[in-house]
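The values are calculated or read from the model by the stated rules, or taken from the named source; none is laboratory data. Note that this is a predicted model, so its numbers are computed, not measured. FYI the Cβ positions are ideal-geometry reconstructions off the backbone, even for glycines, and counts take in every protein chain you see.
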Amino acid sequence: MAGRSQSWRDLTLGARVFIGLVVVVGTGVLLYGAIHQTSKNIAEFICYLGIAILASRLKVNLPGITGTMSVNFLFILLGILELSFAETLALGCTAILVQCVYRDRPSAIQITFNICASAFSTALAYAAYHNALFDLLVGSRPLLLGLAATVYFVANSGSIATVISLTEGKPLKKIMVGCYFWSFPYYLVGAGIAAMIG
């Protein structure tokens, strides 16, 4: 949830309902991850977490995209490949938190929304990659990772574009095409990089 900071009272009813829904679902995902903690390799998790925290402070300028893009999604994809669900959630949400508070002073609503939207998007992408049916149908780990990257992109960009649309009164399609559509190929490239690293 980027852009100008608005107080909760200034938001439209639709924006409040959508933000509330994302926060409830994201909180549920985080609670599920906290209750079902597992670790495949704690040292690997700590290394990925440290690198993700450092990288979350970086913003990359990409050709064809107005503004900057974070590289957090690359670490989430690596987590999907290498880490448990709880570790991937912790890595992604911690990186988002650092990204939110590093340079800007976002409101509590923005931070909460961004973390919960990231948790939800990460959970969907993790489920897409580790789904037995998708594994049977696709049969290729790189293609499954591409599917996970696509799911993450649609869920994360879609939730952010929706809240921007509801708070600023702009058409959702215009926001998705103008702000996010051109970043999709970079998510697929990120999936390829994650597959090579993994």
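Some observations on this one:
- Under the condition of being among the hydroxyl-bearing types (Ser, Thr, Tyr) and in a loop (DSSP other than H, G, I, E, B), the residues counted in the range 16-48 number 2.
- Residue check for SER70: at pLDDT below 85 and either among the charged types (D, E, K, R) or in contact with a helix residue (DSSP H, G or I) (Cβ under 7 Å, 6 or more places away or on another chain) (or both): yes
- Criterion: in contact (Cβ under 8 Å) with a residue 24 or more places away in the chain and within 20 Å of LEU49 (Cα to Cα) - qualifying residue of ILE160, ILE111, ILE96: ILE96
- In the range 25-40, the residues that are modelled with pLDDT of 90 or more form Cβ pairs under 9 Å with partners that are among the acidic types (Asp, Glu), at six or more places apart or across chains, as follows: GLY33/GLU87.
- When restricted to residues that are of a type outside the set (Val, Ile, Thr) and surrounded by fewer than 19 Cβ atoms within 10 Å (Cβ to Cβ), the range 148-175 contains 8.
- The one condition from (1) crowded, with 17+ Cβ neighbours inside 10 Å; (2) over 20 Å from ILE46 (Cβ atoms) that ARG105 does not meet is (1).
- Residue check for ASN131: touching a residue at least 24 places away in the same chain (Cβ under 8 Å) and surrounded by 15 or more Cβ atoms within 10 Å (Cβ to Cβ): no
- Residue match in the range 46-63 (condition: closer than 18 Å to ALA123 by Cα and at pLDDT below 85): no
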